[in-house]
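Colleague: There's a structure below that I have some questions on.
The values are calculated or read from the model by the stated rules, or taken from the named source; none is laboratory data. Keep in mind the model is a prediction, meaning the values are calculated, not measured. No Cβ is skipped: glycine too gets one built from the backbone with ideal geometry, and neighbour counts run over all protein chains shown. When the accessible area is computed, the model is the full protein with side chains, heavy atoms only, and any ligands, DNA or RNA have been set aside. Shrake-Rupley method; radii C 1.70, N 1.55, O 1.52, S 1.80 Å.
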Amino acid sequence: GAGVSQSPRYKVAKRGQDVALRCDPISGHVSLFWYQQALGQGPEFLTYFQNEAQLDKSGLPSDRFFAERPEGSVSTLKIQRTQQEDSAVYLCASSLAGRGRRVYNEQFFGPGTRLTVL
Amino acid sequence: DAKTTQPNSMESNEEEPVHLPCNHSTISGTDYIHWYRQLPSQGPEYVIHGLTSNVNNRMASLAIAEDRKSSTLILHRATLRDAAVYYCSRTGNQFYFGTGTSLTVIP
């Protein structure tokens, strides 16, 4: 079956530009996560949705970062006025279920979007 | 305060067992321990998870210390395809990944 897909796979932006990264989770998965992965590091949590509700956005590094999942399926991570330090791979993951704020099931990851800010 | 700590790298001979350790000394009582592995230019792939008891699946085994402050991922017979970065993570109310262990498998 289809896994988690992300687009674009690669994005080059000039400093100060806005970017939008898309995630298509596995159909029927309730929970959706965004992570940021710098080179040589593990994924860092950004935000978490259960259906259309954003239950945790504590990992978003600044107010330039915004995520939405308006219909409880596709999600978009938007970064405004990109800076060089935003260069990273942005990973999306989905999980079948969650219990309130808690998620225990395995997460299925997409291939990521590599963002390079010049 | 590192949420999980792992050795940077490990080596194993092909066909030998591999024990990958993870320290999560500040884990809460309800957080699960998940392990993922990642190949270059790919997203992490789920390996195994557990709460308190040791767990086995077709890919690996997970041994969790009685005090839950550490765990060990066990690959029973390493193959060349097991070469990857292995991440230990805490999952529940919050989601923390470690810095990962890069496993090299020597033919």
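Colleague: Buried by at least 20 Å² relative to the chain on its own: which residues of the range A:30-45 qualify, computing accessible area with a 1.4 Å probe on protein heavy atoms?
Modeller: Residues passing the criterion (a loss of at least 20 Å², heavy atoms only) are A:Tyr35, A:Gln37, A:Gln41, A:Gly42, A:Pro43, A:Phe45.
Colleague: Would you mind working out the magnitude of the charge dipole of the range A:7-118 relative to its Cα centre, with +1 at each Lys and Arg C-beta and -1 at each Asp and Glu C-beta, to the nearest 20 Debye?
Modeller: 200 debye
Colleague: Rounded to the nearest 20 Debye, what is the dipole magnitude of chain B about its Cα centre when Lys and Arg each give +1 and Asp and Glu each give -1 at the C-beta? Can you show the working numbers first?
Modeller: Numbers: 8 positive and 10 negative charges, 50 e Å.
Dipole of chain B, to the nearest 20 debye: 240 debye.
Colleague: Now, a different point. Which residue, A:Val30, A:Val12, A:Val74, has the most motion in a Gaussian network model of chain A that connects Cα atoms within less than 10 Å?
Modeller: Residue with maximal mean-square fluctuation among A:Val30, A:Val12, A:Val74: A:Val12.
Colleague: What whole-number value in cubic angstrom gives the convex hull volume per residue for the C-alpha atoms of the protein assembly as shown?
Modeller: Given the Cα convex hull of the protein assembly as shown, per-residue volume reads 123 Å³.
Colleague: What whole-number volume per residue, in cubic angstrom, does the convex hull of the C-alpha atoms of chain A give?
Modeller: Values: hull volume 11.3 nm³, N = 118.
Spread over its residues, the Cα hull of chain A gives 96 Å³ apiece.
Colleague: Right, here's the next one. Which value, in Å² rounded to 10, gives the accessible area of B:Lys69 with a 1.4 Å probe and all protein chains present?
Modeller: Here the accessible area works out near 100 Å².
Colleague: Also, I was wondering about something else. Considering every residue in B:95-103, what mean count of other chain Cβ atoms within 10 Å of its Cβ is obtained?
Modeller: Across the residues of B:95-103, the mean count of other-chain Cβ atoms within 10 Å is 4.
Colleague: Please average, across the residues of A:49-60, the number of beta carbons from any other chain that are within 10 Å of each residue's own beta carbon, and give a whole number.
Modeller: 1
Colleague: Rank-order A:18-29, B:51-62 by packing density, defined as the average count of other C-beta atoms within 10 Å over each peptide's residues, highest first.
Modeller: Working: A:18-29: 17.2, B:51-62: 13.8.
Packing proxy ranking, top to bottom: A:18-29, B:51-62.
Colleague: Counting partner chain Cβ atoms within 10 Å of every residue's Cβ in A:81-89, what's the average?
Modeller: Average per residue, whole number: 0.
Colleague: Can you send over the carbon and sulfur percentage of the accessible area for the protein assembly as shown, probe radius 1.4 Å, protein chains only? Don't skip to the end; give the middle numbers.
Modeller: Details: 5210 of 11040 Å².
After summing per-atom areas, the C and S share lands at 47 percent.
Colleague: List the pair-distance distribution P(r) of chain B, using every Cα-Cα distance, as the percent of pairs falling in each 10 Å bin from 0 up to the bin containing the longest distance, rounded to whole percents.
Modeller: 16, 51, 29, 4, 0
Colleague: Roughly what would the spin-label model give for A:Ala38 and A:Asn51, points 7 Å off Cα along C-beta, in nm?
Modeller: 3.7 nm
Colleague: Give the residue from A:Gln50, A:Thr76, A:Ser62 lying farthest towards the positive end of the charge dipole for the range A:34-83; charges sit on Cβ (+1 for Lys and Arg, -1 for Asp and Glu) and the dipole is referred to the Cα centre.
Modeller: A:Ser62
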